[in-house]
């Protein structure tokens, strides 16, 4: 009964979810006459003489399997003795409830569909060796239910975003991931080479400038769920490759975009979790309430009100001194960057429910429109959930002359800061983007929301790596089963007629 020689498919007729919903009223000891075929991975095995139990995970849920010698017969029972945790099997059986009250499937027949050649760890959940978890991510997702639930929720959130935006008349597009000039955010890019064109290129750090080119092209409502790359630190909240949704709406400003974000994210949360109020599963994390409208607070107001630190009216040197007293590292000549760093230190951790933080300094917002009330600030907001920044949006700068001026200021900043601070985050000059604006971009609002961080917050997970299906790890040396057991390799090559 070698599955690698004889089994190419298995006809499944039910899921564990269906069986659990349909037979929830079975009494202890009661056996249904209905017969179903279910397939999945064995997650646990217990043997008690001529009866055995296993837990089967079919991707929809789990169910207990009950094996009895008198039902299976001698030959099938001998095969059952080979069953290990990790094996993939198909079973045919009838719903029943054990005498202890556990809904089960009494197995009448079964087949091995794939076998676990390696032993499974006994205690994977809570494993302290993070390298092992991220190296063998397929085991982590399989055995760590917190991680698996978060990853499933992430894709359901993405679907809900699409459903909402499509119903609002937005069009989803794909922008280039190889770009001649990186832009749309302040970040260090990954650099590569296109040999066919004999030119350098950069991996996209954000789709923003291309999406706004599409607004110029009369796609007045446009969005992308985009993979982005930033060649920066790896820590609990940052990873070089991540997914965000960026949305642009013409004839709108930042107030319109904040209302759209409220509606969209609240809708997606309710669709995915069944309520605006999400009980974070990790112990002690409590509830996050996405019920609109969300709170709003200015950046400097948040520093003073939540952090208890006075900053309004302070000059650059005074802010540098204050930052040093607070233990905030200063490596930037911009007043706004120091304010942002102080906010991250004293106020950000206290923002639990979804909150819009508004009125960011203009000197750290080169793509945003200056505030109509005070040009020292930009009409820009950031979104915070459970102490994490999950989004950034603004009234888009659509004046090509001022956009060119701001890009030139960014170039000057890079040169001026190089001697004192080394490399600083600055937006490069993108003359083609400026030229696109010269053809006329209407008043527009935009936002980018980091989907990984949003899921981190909703599930109370400590690291962004926990919600990324696969992360980069250094290669390791190990032997495959074929290398450890060359006779097994020879057996299959001969059996399958692969020689020559």
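Figures for the structure shown
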item	result
Rounded tilt (10° steps) of 254-273 against the dominant C-alpha axis of the chain	10
Point-to-point label distance, residue 499-residue 131, nm (Cα→Cβ direction, 7 Å offset)	4.2
More than 17 angstrom apart: percent of Cα pairs within region 191-243	55
Degrees, to the nearest 10: 316-325 long Cα axis against longest axis of the chain	40
For region 3-120, alpha-carbon Rg relative to the globular expectation (2.2 N^0.38 Å, N residues)	1.00
Nearest-0.05 FRET efficiency for residue 46 and residue 159, computed from C-beta distance (R0 56 Å)	0.90
Over the chain: helical MRE at 222 nm, DSSP H runs n ≥ 4 each giving -39500 (n - 2.57), nearest 500	-10000 deg cm²/dmol
Neighbour-count order for 98, 153, fewest beta carbons within 10 angstrom listed first	98, 153
Highest to lowest packing among 444-456, 378-390, scored as the average C-beta count within 10 Å	444-456, 378-390
Cα pair count fraction exceeding 20 Å, expressed as % - region 157-264	47
Length gained when the stretch residue 331-residue 489 is fully extended (0.36 nm per residue, less Cα-Cα span)	51.1 nm
Relative contact order (%) - region 3-120, alpha-carbon pairs under 8 angstrom, separation at least six	31
Span from the region 143-211 Cα centroid across to the region 454-481 one, whole angstrom	19
Residue order, fewest to most beta carbons within 10 Å, for 174, 48, 427	48, 174, 427
Calculated FRET value between residue 435 and residue 321, using beta carbons and R₀ = 56 Å, to 0.05	0.85
Inter-probe distance in nm under a simple model that places probes 7 Å from Cα toward Cβ, at residue 21 and residue 6	3.5
Gain upon complete extension [residue 231, residue 84; 0.36 nm per residue less C-alpha separation]	48.6 nm
Per residue convex hull volume, Cα atoms of the chain, in Å³	212
For 365, 275, order by how many other beta-carbon atoms lie within 10 Å, fewest first	275, 365
Added length on full extension, which subtracts the Cα-Cα distance from 0.36 nm per residue, residue 75 to residue 102	7.0 nm
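Taken together, the values in this text are just the output of simple stated rules run on the coordinates, not laboratory data. All figures in this text were calculated on a predicted structure; none of them were measured in a lab. A quick note on method: Cβ atoms are made from the backbone with ideal geometry, for glycine too, and the neighbour counts reach across all protein chains shown.
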